[in-house]
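Report on one structure; see the data block that follows.
Every number here is computed from the coordinates shown, using simple stated rules; none is lab data. Predicted model, so just to flag it, every value in this text is computed and none were measured. Don't worry about glycine lacking a Cβ; one is built from the backbone with ideal geometry, like all the others, and counts go over all protein chains shown.
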Amino acid sequence: MASKALQQLVNETKWPLLDYLIVDMPPGTGDIQLTMAQNIPLTAAVVVTTPQDIALSDAGKGIAMFEKLDIPVVGIVENMSFFECPSCHTQSPIFASRGASKLASRYKLPVLAEVPINMQIRENADNGHSLFADHSNTYLQDIYLDAARSMAANMVNKIKVSQVAIASGGGIDITRLD
């Protein structure tokens with residue numbers, strides 16, 4: 001049911017010309033991920049994980065699935081990497097330390113970001129506000145901006161493109177070299 005809704009969203013929405021369409025999917029290699037990877041033309045994937053062993057195991061399975069389906073993985077983002085004390089700025093790994101780095105080494109991928117546990121991120125998300133609407137925490141904004149820049153640069157490096165053309169429906173057709 002969820003995979004059908006995702007297909008409907010992607011295929012039946014009249015999208016404007018997009019540079020990127022980012023779809024946040026649940027962890028794992030279940031029906032949603034397989035349907036997306038097999039039925040919707042994906043340019044690349046970014047794998048987001050937390051540092052716990054079980055999450056890293058799921059992330060590794062996701063990377064293996066994307067590789068098997070010939071979808072380039074441009075990097076890994078580690079969410080909830082650490083807690084930074086707002087008073088003294090000491091960083092403490094709550095769950096584990098550097099799990100994404102170990103996973104990235106195994107698959108020869110870059111770590112695009114290590115996102116901390118942070119009240120401002122949670123409060124903004126809970127209230128439906130962008131972290132970028134409030135300019136008081138450029139440190140957090142820089143983490144996300146650096147990840148986006150790294151993702152874009154790694155997409156250019158990973159994907160061999162032979163042709164880019166405007167499609168009849170207004171989208172962009174990218175022909176990959178295999």
Long-range amide H contacts for PHE83: which residues qualify at under 5 Å (H placed 1.01 Å from N, peptide plane, sequence gap of 5 or more or a different chain)? SER92, ILE94, ILE117
Compute the long axis of helix 2-12 from its Cα atoms, compare it with the longest principal axis of the Cα atoms of the chain, and write down the angle in degrees, 0 to 90, nearest 10. 60
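Add +1 for every Lys or Arg and -1 for every Asp or Glu among the other residues with Cβ under 14 Å from the Cβ of LEU103, and state the total.
Details: positive: LYS61, ARG98, LYS102, ARG106, LYS108; negative: ASP53, ASP58, GLU67, GLU78, GLU114.
For residues surrounding LEU103, the net value is 0.
For the range 26-103, what relative contact order do you get, as a whole percent, if you take Cα pairs closer than 8 Å and at least 6 residues apart? Walk me through the intermediate numbers first.
On the way: 107 pairs, mean separation 26.1, N = 78.
Rounded, it is 33 percent for the range 26-103.
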Using a 10 angstrom cutoff on alpha carbons, build the Gaussian network for the chain and name the most mobile of ALA37, ALA104, ALA125. ALA125
Under 17 Å between alpha carbons, and skipping anything fewer than 8 positions from LYS102 in its own chain: which lysines qualify? LYS61
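Give me MET119, MET151 sorted ascending by neighbouring Cβ count inside 10 Å, so fewest comes first. It would help to have the intermediate numbers written out before the result.
On the way: MET119 9, MET151 19.
So the residues, fewest neighbours to most, are MET119, MET151.
Within the chain, which is the longest segment that contains none of the trypsin sites (Lys or Arg not before Pro) sitting in a DSSP loop with at most 11 other Cβ atoms within 10 Å?
Working: sites that count: LYS14, LYS108, LYS160.
Value returned for the longest uninterrupted segment is 15-107.
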Report Rg (one decimal) and Dmax (nearest whole number) for the range 64-121, counting Cα atoms only, units Å. 14.0, 46
Quick one: what does P(r) look like for the range 2-176 with 10 Å bins over all Cα pairs, in whole %? 9, 31, 37, 19, 4, 0
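So if I place +1 on the C-beta of Lys and Arg and -1 on the C-beta of Asp and Glu, and nothing else carries charge, what would the dipole magnitude of the range 74-127 be about its Cα centre? I want it in debye, nearest 20.
On the way: 5 positive and 5 negative charges, 80 e Å.
Rounded to the nearest 20 debye, it is 380 debye.
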Before rounding to the nearest 500, sum -39500 (n - 2.57) across all DSSP H runs of length at least 4 in the chain and divide by the residue total; then give [θ] at 222 nm in deg cm²/dmol. -13000 deg cm²/dmol
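Determine the gain in length on full extension of the stretch ASP142-TYR107; use 0.36 nm per residue of separation and subtract their C-alpha separation, reporting nm with one decimal. Kindly include the intermediate steps, with their values, before the conclusion.
Values: separation 35, 0.36 × 35 = 12.60 nm, distance 2.57 nm.
That pair, ASP142 and TYR107, stretches by 10.0 nm at full extension.
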Go through the range 142-151 residue by residue and turn each phi into a ³J(HN,Hα) via Karplus (6.51, -1.76, 1.60, θ = phi - 60°); whole Hz please, and just put x for glycine and proline. 4, 4, 5, 5, 4, 5, 5, 5, 5, 4
Viscosity 1.567 mPa s, temperature 4 °C, Stokes-Einstein D of the range 62-163 from Kirkwood C-alpha radius, µm²/s: 84
